[in-house]
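Since every read-out is calculated from the coordinates, none of them should be taken as a lab result. These numbers come from a predicted model, not from an experiment. Positions of Cβ are generated from backbone atoms using ideal geometry, with glycine treated the same way; all protein chains shown enter the neighbour counts.
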Amino acid sequence: MTPQQVNQVQESFIKVAPIANRAAALFYGRLFETAPETRALFRGDIDTQGQKLMSALATVVNSLGDFEAIVPVARHLAKRHVAYGVAREHYSLVRSALLWTLEQGLADEFSPALRAAWEAAYSALSEVMIASAYPASQQPRDGTDHDAGANQDANGAAKYV
């Protein structure tokens, strides 16, 4: 992510924060509408889950300037999600629901540039989480790692170029 994209995401999230409950409801409504099979992953109260989502999102957004600081938390969260039944494929479904939610909440302010900034932020986070949660799926079928570290730093975190 570029510094400009970090600023765009952070500034736009300031506008989403006041409607956090509505944004969470929109997000889960969209996720369950487009991927009904994901509803089974959520066993508790969805309003409480929405509060957790928005809190986690705020933490990530506020840490984008120092992304490496949240990488250990993201890795731990990813491993917990596996225990809940989250599959690698769910990350793209969440991405779509998140972008749709932002588009609804920000309306005309959700420009193509802002969308690209949010996509970059989500990609950075999801790459770290997927690599942590599903390390075997990162390997080619022959068991070798032909591109080891190509998009990661020495600690396995996503590089931002």
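Conditions first: (1) among the β-branched types (Val, Ile, Thr); (2) outside any helix (DSSP H, G or I); (3) closer than 22 Å to PRO3 by Cβ. VAL61 passes all but one, so which condition is the exception?
Unmet for VAL61, out of (1) among the β-branched types (Val, Ile, Thr); (2) outside any helix (DSSP H, G or I); (3) closer than 22 Å to PRO3 by Cβ: (2).
Can we say ARG30 is farther than 21 Å from GLN8 by Cβ and either free of Cβ contacts under 8 Å to residues at least 40 places away in the same chain or not in a helix (DSSP H, G or I) (or both)?
Here the answer is no, as ARG30 does not meet what is asked.
Looking for something farther than 26 Å from GLU37 by Cα, in a helix (DSSP H, G or I) and polar (S, T, N, Q) - is there at least one such residue anywhere in region 87-105?
no
Scan region 61-89 for residues that are aliphatic (A, V, I, L, M) and either exposed (fewer than 14 other Cβ atoms within 10 Å of the Cβ) or within 12 Å of VAL128 (Cβ to Cβ) (or both) and jot them down.
Passing the criteria: ALA69, ILE70, VAL71, VAL73, ALA74, LEU77, ALA78, ALA83.
How many residues does region 88-134 hold that are under 14 Å from the mean Cα position of the chain (by Cα) and farther than 18 Å from PRO3 by Cα?
Number satisfying all stated conditions: 23.
For region 44-60, does any single residue satisfy the condition of being surrounded by 17 or more Cβ atoms within 10 Å (Cβ to Cβ), polar (S, T, N, Q), without any contact (Cβ under 8 Å) to a residue 40 or more places away in the chain and closer than 25 Å to SER132 by Cβ?
Within region 44-60, not a single residue is surrounded by 17 or more Cβ atoms within 10 Å (Cβ to Cβ), polar (S, T, N, Q), without any contact (Cβ under 8 Å) to a residue 40 or more places away in the chain and closer than 25 Å to SER132 by Cβ.
With the requirement that a residue be surrounded by fewer than 17 Cβ atoms within 10 Å (Cβ to Cβ) and not charged (D, E, K, R), what does region 111-129 give you?
Answer for region 111-129, where residues must be surrounded by fewer than 17 Cβ atoms within 10 Å (Cβ to Cβ) and not charged (D, E, K, R): SER111, PRO112, ALA113, ALA116, SER123.
Going by the structure shown, is SER92 polar (S, T, N, Q) and within 17 Å of ILE130 (Cα to Cα)?
So SER92 fits the description; yes.
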